[in-house]
Amino acid sequence: YKQEGMNEQALAACETELDRYPATTRKKDALKLRLDIYKALKDYGNVLKALMTLKAAASSPDEERRVDYERAWIYIDLCRYAEAQALFKDILAASQGAGERLVVRDGYARSLLRGGNAEAALAQYETLVKEETSELRLFVEEMLVWYLQRALGKASDDQLPPRASALMQRYEALDETGRAALDRKAVTQVTCVYDATALVDLLRKDVDRALA
């Protein structure tokens, strides 16, 4: 049913299997399928309930944290930032390994930023800059730190981070053909710089410069 886009029928079949065979060895697969269907239906109330059921069926703390991580992002999508922040913070405290801490801290930082806690978000992004292993993510995080420092009045100059400054010098020296040939990574980085600087200009009420 799900492969054919018949989500309601797939959900009914899934519920029937769980009701009739609660001890089935395929229970976890059925729970994951039910979760996917609720996501497809954009039924986020039931998505959260399905995640809690899936967590209860988890066989390890690692699996529980993965479920909680997904639940925290659902809270962000629903603009329930305080709940997302609390959950990300708990997951971060229990995280195992640098890789897991990075992705969880990123979620925590975003939930703080979207929830309006710029000071706490800055602290998390400053930590991410020290720990990041992805070049592109590091670039974006450095620009977020740059923006937040100015939004909070901790810096007032226009000097970009070294990586961003070097990139923009190269970019501005290109003609239209050269700019059109940039790869996706470079375009993402340039866009990030323009977005961050425009936000700072808006904070300074310099609308003309922000739109330039």
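The values are calculated or read from the model by the stated rules, or taken from the named source; none is laboratory data. Since the structure is predicted, the reported quantities are computational estimates derived from the model, not experimental observations. Quick reminder, even Gly has a Cβ in these numbers, built from the backbone with ideal geometry, and neighbours come from all protein chains shown.
Here are a few things to note about the model shown:
- Scanning the range 26-48 for residues that are under 17 Å from E64 (Cα atoms) and among the charged types (D, E, K, R) yields a total of 4.
- K130 meets the conditions (1) over 17 Å from the mean Cα position of the chain (by Cα); (2) over 29 Å from L152 (Cα atoms) in every case but one. The failed one is (2).
- In the range 95-117, of all residues being loosely packed, with under 15 Cβ neighbours inside 10 Å and at negative phi, the one that is farthest from the chain's Cα centre (by Cα) corresponds to Q96.
- For first residues located in the range 196-212 and part of a helix (DSSP H, G or I), partners that are of a type in the set (S, T, Y) and at pLDDT 95 or above and lie 6+ apart or on another chain with Cβ distances below 7 Å form the pairs A196/Y147; L199/Y147; V200/Y147.
- Flag if Q149 is in a helix (DSSP H, G or I), crowded, with 17+ Cβ neighbours inside 10 Å, among the polar types (S, T, N, Q) and more than 19 Å from the chain's Cα centre (by Cα): yes
- Within the range 175-193, being surrounded by 13 or more Cβ atoms within 10 Å (Cβ to Cβ) and either of a type in the set (K, R) or in a loop (DSSP other than H, G, I, E, B) (or both) holds for R179, L182.
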